[in-house]
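Have a look at the structure below, then the notes.
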Amino acid sequence: MIRILGAVPQKVSIAVSGGVDSMAVLDFLRRTREVTVLHFNHGTGAHADKATRLVKEYADKHNLQSKFGWNTDLMPEGVSSEAWWRKKRYDWFETTTNLPIITAHHLGDVVENWIFTSLNGNPFLIPRKRDQYIRPFLSTDKDDLIKWCTRKGVPFVEDVTNVDTRYRRNYIRHVMMPHVEQINPGIKKTIKKKILALQ
């Protein structure tokens, strides 16, 4: 079941990549809120363009306000591609809207981030709210977002880089998490309790 943490304003922007998480969140919230779609094309080729087309088609179909940005800068050598793309995306979001920005971070993201930060000696839970950003779905499991898209016929695109374990987040998700869940099958429930306790 998709759950909302805290209050979500009636008028919001939603960061939508075209992936299953953000498309589920968009479809869920558009039914009860006035939403503006924010989509940033990272300029990474065919997949990015396919995602942009899908998000635009969905927004047009449901008569949603939408704003699209494109990266035109070359990535400097020697920088983390994840960090660089994230900065470009968030910089664009913040100069594009004054509305609260909803992101599709979910329980899996919280657990994976907690594991990574714990390994670096500073366990950290992704906060529900930071500045302009609201993350109302931190207690929702990714499987519930996938089920929503399946039941409602919501289209989405799979990012091929999501299985590339050279990226830190993918290594944690695909390589480390199965071992973590063997050691502690209740890790998600434990982290979820911590999230709820902070609300």
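The values are calculated or read from the model by the stated rules, or taken from the named source; none is laboratory data. Predicted, not measured: the structure shown is a model, and the values here were computed from it. No Cβ is skipped: glycine too gets one built from the backbone with ideal geometry, and neighbour counts run over all protein chains shown.
Observations, loosely collected:
- Helices (runs of 4 or more DSSP H) wholly inside region 32-129 that include at least 3 residues being under 29 Å from GLN199 (Cβ atoms) and polar (S, T, N, Q): 107-119
- Single residue of GLY108, GLY69 found to be more than 27 Å from ARG173 (Cα to Cα), small (Gly, Ala, Ser), surrounded by 12 or more Cβ atoms within 10 Å (Cβ to Cβ) and touching a helix residue (DSSP H, G or I) at 6+ places or on another chain (Cβ under 8 Å): GLY69
- Contact map, region 123-144: residues that are without any contact (Cβ under 8 Å) to a residue 40 or more places away in the chain and of a type in the set (Ser, Thr, Tyr) paired with residues that are in a loop (DSSP other than H, G, I, E, B) and surrounded by 18 or more Cβ atoms within 10 Å (Cβ to Cβ), Cβ distance under 7 Å, separation 6+ or inter-chain. Pairs shown: TYR133/THR103.
- Test set (1) of a type outside the set (Asp, Glu); (2) at pLDDT 95 or above; (3) surrounded by fewer than 17 Cβ atoms within 10 Å (Cβ to Cβ); (4) in a loop (DSSP other than H, G, I, E, B) - ARG151 fails condition number: (4)
- For PHE40, the requirement of being under 18 Å from CYS149 (Cα atoms), among the aromatic types (Phe, Trp, Tyr) and touching a residue at least 12 places away in the same chain (Cβ under 8 Å) is not met.
- Residue match in region 169-187 (condition: closer than 28 Å to THR95 by Cβ, out of contact with any strand residue (DSSP E or B) (no Cβ under 6 Å at 6 or more places or on another chain) and assigned to a helix (DSSP H, G or I)): yes
- Any hit, region 139-146, residues being loosely packed, with under 12 Cβ neighbours inside 10 Å and over 16 Å from the mean Cα position of the chain (by Cα): no
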